[in-house]
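A.B. asks: The structure's right below; bear with me while I get my questions together.
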Amino acid sequence: MADDLGSAGIVLAGGRSSRMGRPKAALEWHGSTLLHRTASVLARVVDGPVAVVAAPGQELPGLPAGVEVVEDPVEGLGPMQGIATGLAAVADRAAAAFVCSTDLPFLHPAFAAAVLRVLRANEDADVVMPVARGFRQPLAAAYRTGLAEFIQQRVKEGDYRPGMLFKHVRVLQLDEATLLADPQLARTDPDLDSVVNVNEPEDYAAARRRPPPEIVVERFGALASGGHRGPRRVRAATLGAAAAEAEVTLDRHVLAALNGDQITRDPAVPLVTGDVVSFLTADGGG
């Protein structure tokens, strides 16, 4: 199905977590925050806006350039209210959206892309929902943005749980085998860690103990002198960490090309398994 309005990304920032003692969005993640990472990952995938839905009056940590913030008008009504708010905010610019919570520290762009592709290919589906790691994943799923008004009406009538919505709309569920039929996802996230969330302090601590993703760094031009030629596999969660591993200083003289297209020198840019970071001089000599 051709999707003339493209796709959008929606992150539900959520308010203070009673279990974590603070908003998950602000939890530190390799020098940045979970919210910054999640928004950055979705910005790679979609060709439309990325919107963060915040609780009323919620103070958010720093966000990548271009990410929009939408304030939920009502607090305490759960994720369905946030989904409705987010879908309504982008509905004039995108026909489909990948919606997720902020507490998915291992969300891979290939996962979001695979789910969105299935929604685009199935005209009869309103929602494409993965079923992975033993659970349905309504907060790592693709939605038609036209559902915004309907979801809002269900919330007004007291249907706050995602399961109530799915009784009224056309849901296509993707099991693990179907998800992993996507070759890029199977290669970069074979365990479907994209849907691992951090509900408890112990979950967060365990997630932080995991090694950073394995990526490839390359140096070109003048940066490749002194035995630094050729690609090298390293572990790095951010562009800044990758530069340190490559022994490169990210200053005004150096640029990084992420997977051959995204040009940046922002050290906070998050990296994922399979990324290739190429460092070159900014004066054209690289």
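The values are calculated or read from the model by the stated rules, or taken from the named source; none is laboratory data. Since the model is a prediction, treat every value here as computed from it, not as a measurement. Every residue, glycine as well, gets a Cβ built from its backbone with ideal geometry; the counts of neighbours run over all protein chains shown. Accessible surface areas use protein heavy atoms only, side chains included; no ligands, DNA or RNA. Shrake-Rupley method; radii C 1.70, N 1.55, O 1.52, S 1.80 Å.
A.B. asks: Take the residues in region 31-64 that are assigned to a strand (DSSP E or B) and touching a Pro at 6+ places or on another chain (Cβ under 9 Å), then tell me which one is surrounded by the most Cβ atoms within 10 Å (Cβ to Cβ). Write out each step before concluding.
C.D. replies: Filtering region 31-64 for residues assigned to a strand (DSSP E or B) gives 32-33, 50-54.
If we keep only those that are touching a Pro at 6+ places or on another chain (Cβ under 9 Å) too, we end up with 32-33, 50.
Working: S32: 20, T33: 22, V50: 25.
This residue is V50.
A.B. asks: Ok, one more. Among all residue pairs at least 6 apart or on different chains, which show Cβ distances below 9 Å where the first residue, located in region 116-129, is touching a residue at least 60 places away in the same chain (Cβ under 8 Å) and closer than 19 Å to A43 by Cβ and the second is open to solvent by less than 60 Å² (accessible area, probe 1.4 Å) and hydroxyl-bearing (S, T, Y)?
C.D. replies: If the second residue must be open to solvent by less than 60 Å² (accessible area, probe 1.4 Å) and hydroxyl-bearing (S, T, Y), the pairs left are L116/S7; R120/S7.
A.B. asks: Give region 148-163 a look and list any residue that's in a helix (DSSP H, G or I), touching a residue at least 24 places away in the same chain (Cβ under 8 Å) and either open to solvent by 40 Å² or more (accessible area, probe 1.4 Å) or aromatic (F, W, Y) (or both), or say none.
C.D. replies: Matches in region 148-163: E149, Q152, R154.
A.B. asks: Of all residues being open to solvent by 30 Å² or more (accessible area, probe 1.4 Å) and touching a Gly at 6+ places or on another chain (Cβ under 9 Å) in region 5-17, which is modelled with the highest pLDDT? Just the residue, please. Give the derivation first.
C.D. replies: First, the residues of region 5-17 that are open to solvent by 30 Å² or more (accessible area, probe 1.4 Å): 5, 14-16.
Subset that is touching a Gly at 6+ places or on another chain (Cβ under 9 Å): 5, 14-15.
Details: L5: 55, G14: 75, G15: 64.
In this case the residue turns out to be G14.
A.B. asks: Could you look through region 18-30, keep only residues that are open to solvent by 20 Å² or more (accessible area, probe 1.4 Å) and part of a loop (DSSP other than H, G, I, E, B), and pick out the one that is modelled with the lowest pLDDT?
C.D. replies: Within region 18-30, the match that is modelled with the lowest pLDDT is S18.
A.B. asks: Within region 241-259, is even one residue among the hydrophobic types (A, V, I, L, M, F, W, C), part of a helix (DSSP H, G or I) and free of Cβ contacts under 8 Å to residues at least 24 places away in the same chain? Walk me through it before giving the result.
C.D. replies: Restricting attention to region 241-259, the residues satisfying the condition of being among the hydrophobic types (A, V, I, L, M, F, W, C) are 241-244, 246, 248, 250, 254-258.
Narrowing the set further to residues that are part of a helix (DSSP H, G or I) leaves 241-244.
Retained after the next criterion (residues that are free of Cβ contacts under 8 Å to residues at least 24 places away in the same chain): 244.
Checked against the condition, which is being among the hydrophobic types (A, V, I, L, M, F, W, C), part of a helix (DSSP H, G or I) and free of Cβ contacts under 8 Å to residues at least 24 places away in the same chain, region 241-259 yields at least one hit.
A.B. asks: In a helix (DSSP H, G or I) and β-branched (V, I, T), is that true of V99?
C.D. replies: On the way: in a helix (DSSP H, G or I): no; β-branched (V, I, T): yes.
In short, no.
A.B. asks: Being open to solvent by 20 Å² or more (accessible area, probe 1.4 Å), more than 16 Å from the chain's Cα centre (by Cα) and of a type outside the set (F, W, Y) narrows it down to one residue among V74, V69; which is it? I'd like the intermediate steps shown before the answer.
C.D. replies: Values: V69 fails: more than 16 Å from the chain's Cα centre (by Cα).
Criteria check complete, one pass: V74.
A.B. asks: Let me ask something else about it. Taking the residues in region 187-206 that are part of a helix (DSSP H, G or I) and touching a residue at least 24 places away in the same chain (Cβ under 8 Å) as candidates, determine which candidate is surrounded by the most Cβ atoms within 10 Å (Cβ to Cβ). Let's see the steps before the verdict.
C.D. replies: Initial filter on region 187-206 (part of a helix (DSSP H, G or I)): 187-188, 193-195, 201-206.
Checking which are touching a residue at least 24 places away in the same chain (Cβ under 8 Å) leaves us with 187-188, 193-195, 201, 204.
Values: R187: 12, T188: 19, D193: 19, S194: 28, V195: 24, P201: 13, Y204: 21.
Per the criteria, the residue is S194.
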